[in-house]
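Chemist: If you scroll down you'll find the structure; I have some questions about it.
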Amino acid sequence: MARDLNQAVFVAGHRGMVGSAIVRRLKALGYSTILTASREELNLLDQAAVREYFQGNRIDQVYLAAAKVGGIHANNSYPADFIYENLMIEANIVQAAHSTGVQKLLFLGSSCIYPKHAPQPMQEEALLTGVLEPTNEPYAIAKIAGIKLCESYNRQHGRDYRSVMPTNLYGPHDNYHPENSHVIPALLRRFHEAVQRGDEEVVIWGSGKPMREFLHVDDMAAASVHVMELDGETYRANTQPMLSHINVGSGVDCTIRELAETIAKVTGFAGRLSFDASKPDGAPRKLMDVSRLRALGWQAGIGLKEGLASTYNWYGENISRGRIS
């Protein structure tokens, strides 16, 4: 569709890694009205509050980037929180958007929606074809429900609610908690602290053998806006009413060992790496098939080493200023 920079765009989850990147992207493109609300201003788990917010603001587009997220440890420890909060957030926002006449919405999911042993690279058609990875099944179920919410409102009400499924993301404003974070922020912090202490060894969870694909969050934001701005005919021609989501990734993966070795170089760690195979590995491989997105005119532009270096610079600046606890 033609870009209308005067449209009012609500970014749910603007303080998170993905939401903040989408806000940066929209500002760079010149959008004049970007609406955001902090957790203190709007509790997305409160249906009445979300409805009231939509009724009180003129909203043309919604980027649904708000979610409860975390790594293997967090998903294993708090499964009820992950399924409940994500279901409530997406249901409240999608229904409020529909009830106030918002025609365009983009839902951001996750590659964990695909079966644990889905053929690699994972195509969109693999959805609902097998058993999910147990360590994050509740989160995955919630994200699958979000896709189906969007599709159902499209089918029943003629809305234009789209879904993108990103691979593993990293970048500024990530969660750097030592236990509840994803693999890249966890390793960046672990290697940084090892360098600061002068450690001779860094221990990495798992065997180091699983393969993962990573995408810088600024690439994710660019892809999200690209998909949102596709004209309806193009989007529908490349999707199906009940299989409408689009994978977003780099199309390239590496082992966790290779990732750790790259992070060691980026952070200046010169010691040895060891792997704790008693910790869970998760899925053996997760690589996205991004041919559909490429056919729609977008592909990733930030390489892994380049992205890790810039992310580590951001981390270093913010931890030195006390912005990361």
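We did not get these values from a lab; they are worked out from the coordinates using the rules stated. Predicted, not measured: the structure shown is a model, and the values here were computed from it. Note that each Cβ is placed from the backbone with ideal geometry, even for glycine, and that neighbours are counted across all protein chains shown.
Chemist: Any chance you could run the full-extension gain for HIS157 through ARG197? It's 0.36 nm times the residue separation minus the Cα-Cα distance, nm to one decimal.
Modeler: Length difference between fully extended and current span is 8.6 nm.
Chemist: On a 0 to 90° scale, report how tilted helix 256-267 is relative to the longest principal axis of the chain, with both axes built from alpha carbons and the result rounded to the nearest 10.
Modeler: Taking Cα atoms only, the helix is inclined about 80 degrees.
Chemist: Per DSSP H run of n ≥ 4, the term is -39500 (n - 2.57); total these for the chain, divide by its residue number, and report the mean residue ellipticity at 222 nm rounded to 500 deg cm²/dmol.
Modeler: That calculation yields -13500 deg cm²/dmol at 222 nm.
Chemist: Treat each spin label as a single point 7 Å out from the Cα along the C-beta direction, and report the ASN313 to GLN55 distance in nm.
Modeler: Between ASN313 and GLN55, the simple spin-label model gives 4.8 nm.
Chemist: Quantify how much of the Cα-Cα distance distribution of region 118-277 extends past 25 Å, in percent.
Modeler: 42 percent
Chemist: Highest mean first, how do 98-104, 111-117, 202-208 rank when packing is the count of other Cβ atoms within 10 Å averaged over residues?
Modeler: 111-117, 202-208, 98-104
Chemist: Residue-wise, which Karplus ³J(HN,Hα) couplings in Hz belong to region 4-11, taking 6.51 cos²θ - 1.76 cosθ + 1.60, θ = phi - 60°, and x for glycine or proline?
Modeler: Ordered by residue, 3J(HN,Hα) equals 10, 6, 8, 5, 7, 10, 9, 9 Hz.
Chemist: Ok, one more. If you plug each phi of region 119-128 into the Karplus form 6.51 cos²θ - 1.76 cosθ + 1.60 with θ = phi - 60°, what whole-Hz ³J(HN,Hα) values come out, in order, with x for Gly and Pro?
Modeler: These are the phi-based 3J(HN,Hα) values: x, 9, x, 6, 8, 4, 5, 6, 4, 6 Hz.
Chemist: Please list, or write none, the lysines whose alpha carbon is within less than 29 Å of the alpha carbon of LYS148, excluding same-chain residues fewer than 8 places away.
Modeler: Qualifying lysines at Cα under 29 Å: LYS68, LYS104, LYS116, LYS286.
Chemist: Further question on the same structure: Compute the helix-to-body angle for 304-320: its Cα long axis versus the longest principal axis of the chain, expressed 0 to 90° and rounded to tens.
Modeler: 80 degrees
Chemist: Shifting gears a bit: What's the local net charge at SER152, with K and R +1, D and E -1, over the other residues with C-beta under 13 Å away?
Modeler: Its environment carries a net charge of +1.
Chemist: Considering amide H positions built from the backbone, and no H for Pro or chain starts, which residues 5 or more places from GLY71, or on another chain, come under 5 Å of its amide H?
Modeler: Answer set, sorted by chain and number: SER181, HIS182.
Chemist: Moving on. With θ taken as phi - 60° and the coefficients 6.51, -1.76 and 1.60, list the Karplus ³J(HN,Hα) couplings across region 191-198 in order, rounded to whole Hz; mark glycine and proline as x.
Modeler: Couplings: 5, 4, 5, 5, 5, 4, 7, x Hz.
Chemist: While we're on this one: What's the exposure ranking of MET17, MET165, going from fewest to most Cβ atoms within 10 Å?
Modeler: Ranking MET17, MET165 by Cβ neighbours within 10 Å, fewest first, gives MET17, MET165.
Chemist: Next question, about the same structure. Any chance you could tell me what percent of the C-alpha pair distances in region 214-325 go past 23 Å?
Modeler: The proportion of pairs with Cα distances above 23 Å equals 48 percent.
Chemist: Determine which residues of region 133-168 fall in the zone a paramagnetic label at GLN299 would reach in this model, i.e. backbone nitrogen under 18 Å from the point 7 Å along Cα→Cβ.
Modeler: Counting only backbone N, you get 167.
Chemist: Could you work out the local net charge near PRO121, counting Lys and Arg as +1, Asp and Glu as -1, over the other residues with Cβ closer than 13 Å to its Cβ?
Modeler: Around PRO121, the charge tally is 0.
Chemist: Please find, in a Gaussian network model of the chain (springs between Cα atoms separated by less than 10 Å), the residue of ALA140, ALA270, ALA237 whose mean-square fluctuation is greatest.
Modeler: The residue that fluctuates most here is ALA237.
Chemist: Computed from the mean reciprocal separation of all distinct C-alpha pairs, what Kirkwood hydrodynamic radius does the chain have, in Å?
Modeler: Across the chain, the inverse of the average 1/r is 20.2 Å.
Chemist: A further question on this structure: Between 0 and 90 degrees, rounded to the nearest ten: what's the tilt of helix 137-157 against the longest Cα principal axis of the chain?
Modeler: Once rounded, one gets 20 degrees.
Chemist: Could you please report the charge total around ARG189, scoring K, R as +1 and D, E as -1 over all other residues with beta-carbon less than 11 angstrom from its beta-carbon?
Modeler: So the surrounding residues net to -2.
Chemist: Pull up all non-local amide H partners of SER163: gap of 5 or more, or a different chain, and H-to-H distance under 5 Å with H placed in the peptide plane.
Modeler: Correct list: PHE107, ILE246.
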